[in-house]
Amino acid sequence: MPENTNWPKAVIFDLDGTLIDSVPDLAGALNTVLEVELGRPALPQDDIRVMIGNGVPKLIERGLRAHGEPHDKVAVSALVPKFMAIYLARATRETRPYQGAQQLLEDLSASKIKIGLCTNKPTDVSRQILDDLGLTRYFGSIIGGTSGYAAKPDPEPMLACLKELGVGAQEAVFVGDSTADVKTARNASLPVIVMSYGYTAIPAAELGGDMVIDTLAQVIGALEELKK
């Protein structure tokens, strides 16, 4: 286990597709909006899975586009509050941490390695999910899509997370699952570990991360490899 006197001093995680499997609840909320507001049939979960990762407006935009509906900023903005009301009511109905998530956070915390969250998901629902799943206590910083910063892959939210944790980019590692995550890490000058099971239509090996791993149980070993 890495010690806090060595590298890294912090590990920052993405949320959806990295620490938690939230597809069922996100898909449920999106499909409810599409059905109730537009009379459109539900989209398959596998289709919605690769729409996730750039925030709620982008998810709605992609859902509208899949049905050939207008998906301009005005159309999307009108549906965001309706989506959020539905999603907040069911955010952890079926959402669960990936296997090994809590043990990993426990191990990092026990080793005095600081833990952060950097996600494009709205901040309030991110906190609600972490609360419901009993994971909030591990995080020294939670930066979400409504924390007042630009969205990933802009480095601004990552730099804010690093600042809250009190570490520099050279002392931290990002763990994510998408193109946006890899670009965010690069823009903020962090190494990035990519989870192979994430929410992306692009194969994980092609995202350009420093390492690709298959389970959260492999993160500690990946950190040791990167340290070399």
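Laboratory data are not the source of any read-out in this text; all were calculated from the coordinates shown. Please read these numbers as outputs of a predicted model, since none were measured by experiment. Here Cβ is always computed from backbone atoms with ideal geometry, including for glycine, and neighbour counts include all displayed protein chains.
The table that follows gives values for the structure above.
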item: Kirkwood hydrodynamic radius of the stretch 1-118, from inverse mean 1/r over distinct Cα pairs, in Å; result: 15.9 Å
item: All-pairs Cα distance distribution in the stretch 23-88, expressed in whole percent, bin size 5 Å; result: 4, 20, 35, 31, 10, 0
item: Candidate lysines for bridging to Lys183, where Cα separation is under 26 Å - those fewer than 8 sequence places away on the same chain excluded; result: Lys9, Lys58, Lys73, Lys114, Lys121, Lys152, Lys163, Lys227, Lys228
item: Stretch gain in nm, segment Ser109-Glu69, where the contour uses 0.36 nm per residue and the Cα spacing is subtracted; result: 9.8 nm
item: Surrounding net charge for Pro153, when Lys and Arg each add one and Asp and Glu each subtract one, Cβ distance under 14 Å; result: -1
item: Distance between modelled label sites at Val50 and Thr146, nm, 7 Å Cα→Cβ extension; result: 3.0 nm
item: Relative exposure of Asp131, Asp25, Asp46, judged by other C-beta atoms within 10 Å (fewest first); result: Asp46, Asp131, Asp25
item: Amide proton proximity set for Arg40, modelled H, under 5 Å, gap of 5+; result: Glu35
item: P(r) histogram, all alpha-carbon pairs of the stretch 128-187 included - 5 Å bins from 0, percent; result: 4, 18, 25, 26, 20, 7, 1
item: Label-point separation in nm, Glu225 to Lys82, each point 7 Å along Cα→Cβ; result: 4.6 nm
item: In Hz, Karplus ³J(HN,Hα) per residue of the stretch 46-62 (6.51, -1.76, 1.60; θ = phi - 60°; x = Gly, Pro); result: 5, 5, 5, 3, 8, 8, 7, x, 10, x, 4, x, 5, 4, 5, 4, 5
item: Full-stretch length increase - Val36, Gln128 - with 0.36 nm per residue and alpha-carbon distance subtracted; result: 30.6 nm
item: Long-range HN-HN contacts of Ile20 with modeled amide H, under 5 Å; result: Tyr98
item: In degrees, nearest ten, helix 156-165 long axis to first principal axis of the chain (Cα); result: 40 degrees
item: Descending semi-axes in Å of the chain, equivalent ellipsoid built from Cα gyration tensor; result: 31, 17, 16
item: Backbone HN-Hα couplings from phi across the stretch 191-199 [Karplus 6.51/-1.76/1.60, Hz, Gly and Pro as x]; result: x, 9, 9, 9, 7, 6, 9, x, 8
